[in-house]
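Everything below concerns the one structure shown next.
The values are calculated or read from the model by the stated rules, or taken from the named source; none is laboratory data. As the structure is a prediction and not an experimental result, all values here were calculated from the model. Cβ sites come from the backbone with ideal geometry, for glycine too, and all protein chains shown count toward neighbours. Heavy atoms of the whole protein, side chains included, go into the accessibility calculation; ligands, DNA and RNA do not. Shrake-Rupley method; radii C 1.70, N 1.55, O 1.52, S 1.80 Å.
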Amino acid sequence: MRIAVVDVGTNSTRLFVADVEGGRVTAQLERETRVTRLGAGVDAHGRLDPEAIGRVLAALDDYQRVIEDRHAERRVAVLTSAVRDAENGAEFAATLRARYGLDAKILDGGEEARLTFLGATSERDPDDRTTTLVTDIGGGSTEFVIGQGREARFHVSTQAGAVRQTERHLHHDPPLPRELEELAADVRSIIAAAVPEEQRRVEHAIGVAGTPTSLAAVAQALEPYDSERVHGYLLRRDECRRLLERLASLPLAERREVPGLHPDRAPTIVAGTAILVEIMRLFELERIEVSEHDILRGAALEFASDS
């Protein structure tokens with residue numbers, strides 16, 4: 001089956017078109033990302049902003065043409081933290097169904113975590129008994145999923161997202177040391193409360209989505225972005241700390257010019273990096289594997305099989 005998956009997240013709107021057969025992605029045909037900031041203001045006001053909705057719809061207008069050109073048989077949209085937290089989230093989902101014919105699904109935190117784990121581990125040996133953490137730092141939330149092989153045994157979704165934490169704590173350009181300390185303390189408290197100590201003993205960790213992939217690109221100064229060099233890159237904890245210090249020291253205009261960093265990710269990369277540093281500290285991780293296999297791939301596998 002040829003399936004198109006649109007991931008409408010808090011910070012970005014992404015498209016994935018793939019052929020799926022026998023529970024495997026046999027061909028990846030399209031993968032695109034637009035930073036649309038749908039979640040801007042949701043933490044403060046509880047609603048999706050009309051301008052933010054407009055940015056998403058503009059991206060989807062373009063994606064619709066790609067989906068049609070690729071003759072996708074199944075067309076799904078997964079809507080995550082910003083939409084499920086917003087008063088007008090259901091109304092927004094209905095717009096996507098009516099305007100684009102997408103099977104729009106507002107995922108709860110557990111569903112989001114399960115699909116993320118499925119995507120991140122889809123190419124691994126299902127009999128591998130290594131205890132693995134998969135973490136997805138989104139704009140509005142961060143997911144933690146722990147399991148073995150392709151089976152998750154623990155998952156939790158927290159409100160420690162990069163857009164949310166930026167809006168809560170980072171009010172100067174560049175951020176003040178006090179703001180960074182308050183952000184780190186907030187994130188540390190959120191994660192510690194959500195993930196019991198007995199779940200933090202993991203043997204391997206995988207980071208998916210925009211923060212770790214961006215940091216892998218920045219660490220290698222990739223111009224242009226090279227997915228083959230990003231996927232599988234091992235980010236060290238000391239490297240992440242150095243990247244945080246570097247990025248947080250720059251005003252936004254200079255951050256947009258950092259080699260390897262997409263300019264649209266510059267406003268939230270400091271908070272995202274701070275979240276990743278706290279994750280690695282709390283789980284006592286010296287390194288984390290960066291993966292481009294995430295919720296898009298997990299949703300493609302899940303919804304191609306249920307059709």
Q: Could you tell me whether any residue of the stretch 214-222 is assigned to a helix (DSSP H, G or I), at negative phi and open to solvent by 70 Å² or more (accessible area, probe 1.4 Å)?
A: no
Q | Within the stretch 183-213, tally of residues that are within 26 Å of Pro267 (Cβ to Cβ), in a helix (DSSP H, G or I), open to solvent by 10 Å² or more (accessible area, probe 1.4 Å) and among the hydrophobic types (A, V, I, L, M, F, W, C) | A | 4
Q.
If I filter the stretch 125-133 for residues that are among the hydrophobic types (A, V, I, L, M, F, W, C), within 26 Å of Gly232 (Cα to Cα) and modelled with pLDDT of 95 or more, do I get at least one hit?
A. yes
Q) Any residue in the stretch 237-257 that is modelled with pLDDT under 95 and open to solvent by 10 Å² or more (accessible area, probe 1.4 Å)? A) no
Q: Find all pairs meeting these conditions: Cβ atoms under 8 angstrom apart; at least six residues apart or on different chains; first residue within the stretch 170-197 and within 28 Å of Ile146 (Cα to Cα); second residue among the acidic types (Asp, Glu) and assigned to a helix (DSSP H, G or I).
A: Ala184/Glu278; Val187/Glu278; Arg188/Glu278; Ile191/Glu278
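Okay, residues lined up against (1) more than 25 Å from Val187 (Cβ to Cβ); (2) part of a helix (DSSP H, G or I); (3) in contact with a Pro (Cβ under 9 Å, 6 or more places away or on another chain):
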| site | (1), (2), (3) |
| --- | --- |
| Pro224 | yes, no, no |
| Glu257 | yes, no, yes |
| Leu261 | no, no, no |
| Ala266 | no, yes, no |
| Met280 | no, yes, no |
| Arg297 | yes, yes, no |
Q: Give the residues of the stretch 96-146 that are among the acidic types (Asp, Glu) and more than 21 Å from Ala86 (Cβ to Cβ), sorted by residue number.
A: Glu123, Asp125, Asp127, Asp128
Q) Got at least one residue in the stretch 48-56 being out of contact with any strand residue (DSSP E or B) (no Cβ under 9 Å at 6 or more places or on another chain) and under 25 Å from Ser305 (Cα atoms)? A) no
Q: Could you please tell me which pairs satisfy a Cβ distance under 8 Å, a separation of 6+ or placement on different chains, a first residue in the stretch 15-35 that is free of Cβ contacts under 8 Å to residues at least 24 places away in the same chain, and a second residue that is open to solvent by 70 Å² or more (accessible area, probe 1.4 Å) and among the hydroxyl-bearing types (Ser, Thr, Tyr)?
A: Asp19/Thr26
Q: Would you mind finding the one in Arg150, Arg84 that is open to solvent by 50 Å² or more (accessible area, probe 1.4 Å) and farther than 25 Å from His231 by Cα?
A: Arg84
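Listed here are the residues, each with its yes/no results for (1) open to solvent by 30 Å² or more (accessible area, probe 1.4 Å); (2) closer than 19 Å to Glu292 by Cα; (3) among the β-branched types (Val, Ile, Thr); (4) modelled with pLDDT of 95 or more.
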residue	(1), (2), (3), (4)
Gln28	yes, yes, no, no
Asp49	yes, no, no, no
Arg55	yes, no, no, yes
Arg74	yes, no, no, yes
Thr80	no, yes, yes, no
Tyr100	no, no, no, yes
Phe117	no, yes, no, no
Glu123	yes, yes, no, no
Q) Between residues in the stretch 231-259 that are in contact (Cβ under 8 Å) with a residue 24 or more places away in the chain and under 20 Å from Glu278 (Cβ atoms) and residues that are of a type in the set (Ser, Thr, Tyr) and open to solvent by 50 Å² or more (accessible area, probe 1.4 Å), which pairs lie under 6 Å by C-beta distance while being six or more apart or on different chains? A) none
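This table checks each residue for (1) closer than 24 Å to Gly22 by Cα; (2) open to solvent by less than 10 Å² (accessible area, probe 1.4 Å).
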residue	(1), (2)
Asp103	yes, no
Leu107	no, yes
Gly110	no, no
Ala113	yes, yes
Asp127	yes, no
Val156	no, no
Arg164	no, no
